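Q: After the structure tokens below, expect a handful of questions from me.
The values are calculated or read from the model by the stated rules, or taken from the named source; none is laboratory data. This structure is a prediction, so every number in the text was calculated from the model and none was measured. Virtual Cβ from ideal backbone geometry, glycine too; neighbours counted across all protein chains shown.
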Amino acid sequence: MVTINQRVQIIFERLQTNAHAFAETHRLVASSLYNIVKNNRKPNSETLERMCAVEPRISAEYLLRGEGEPLRDQRLIANLTTAEQLRNFKVEINELIDTKLQQLEA
């Protein structure tokens, strides 16, 4: 099973970037992303949320659960406004959190 840290690295590879470049481009903390990729720490929910918010091609489903493809279909994203993308992400992330909570409580 691919860990969440490995999924972050896979996403960077698919985006043809690395932790430092992604952080610089999207105003994130480079050391945090580097430590995630190097498996020194697990990403927190805020980091995951910000990654998906700043890069709409990232699949929240893949990032959080390892399901589907690392990147979303660009043709679907191109027709959405930023507000629509953020609303969609909010729905996706809430559904994933609810599912995970149900699994943990079972």
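Q: With the condition kept exactly as written, say whether any residue in region 52-62 is of a type in the set (D, E, K, R), farther than 21 Å from Met1 by Cα, out of contact with any Lys or Arg (no Cβ under 9 Å at 6 or more places or on another chain) and assigned to a helix (DSSP H, G or I). Working first, answer last.
A: Start the filter on region 52-62 by keeping residues that are of a type in the set (D, E, K, R), which leaves 55, 57, 61.
From what's left, farther than 21 Å from Met1 by Cα: 55, 57.
Still in the running and out of contact with any Lys or Arg (no Cβ under 9 Å at 6 or more places or on another chain): 55.
The next check asks that each one be assigned to a helix (DSSP H, G or I); those that pass are none.
Checking region 52-62: not a single residue is of a type in the set (D, E, K, R), farther than 21 Å from Met1 by Cα, out of contact with any Lys or Arg (no Cβ under 9 Å at 6 or more places or on another chain) and assigned to a helix (DSSP H, G or I).
Q: Just to be sure I understand, how many residues within region 17-38 are in a loop (DSSP other than H, G, I, E, B) and at pLDDT 95 or above? Steps first, please.
A: Pass one, region 17-38, residues in a loop (DSSP other than H, G, I, E, B): 17-18, 27-29, 38.
After this cut, where a residue has to be at pLDDT 95 or above as well, the list is 17-18, 38.
Number satisfying all stated conditions: 3.
Q: Can you spot a residue in region 77-94 that is at pLDDT 90 or above and buried (at least 17 other Cβ atoms within 10 Å of the Cβ)? I'd like the intermediate steps shown before the answer.
A: Taking region 77-94 and keeping what is at pLDDT 90 or above, we get none.
No: region 77-94 contains no residue that is at pLDDT 90 or above and buried (at least 17 other Cβ atoms within 10 Å of the Cβ).
Q: Going residue by residue through region 24-45, is there one that turns out to be β-branched (Val, Ile, Thr), within 15 Å of the chain's Cα centre (by Cα) and closer than 17 Å to Ile93 by Cα?
A: No - not one qualifying residue is present in region 24-45.
Q: Another question, if that's okay. Could you identify the single residue in Ala19, Ala53, Ala60, Ala23 that is surrounded by 17 or more Cβ atoms within 10 Å (Cβ to Cβ), in contact with a Phe, Trp or Tyr (Cβ under 7 Å, 6 or more places away or on another chain), more than 24 Å from Thr99 (Cα to Cα) and aliphatic (A, V, I, L, M)?
A: Values: Ala53 fails: more than 24 Å from Thr99 (Cα to Cα); Ala60 fails: more than 24 Å from Thr99 (Cα to Cα); Ala23 fails: in contact with a Phe, Trp or Tyr (Cβ under 7 Å, 6 or more places away or on another chain).
Step by step, each of Ala19, Ala53, Ala60, Ala23 is checked, and only Ala19 is surrounded by 17 or more Cβ atoms within 10 Å (Cβ to Cβ), in contact with a Phe, Trp or Tyr (Cβ under 7 Å, 6 or more places away or on another chain), more than 24 Å from Thr99 (Cα to Cα) and aliphatic (A, V, I, L, M).
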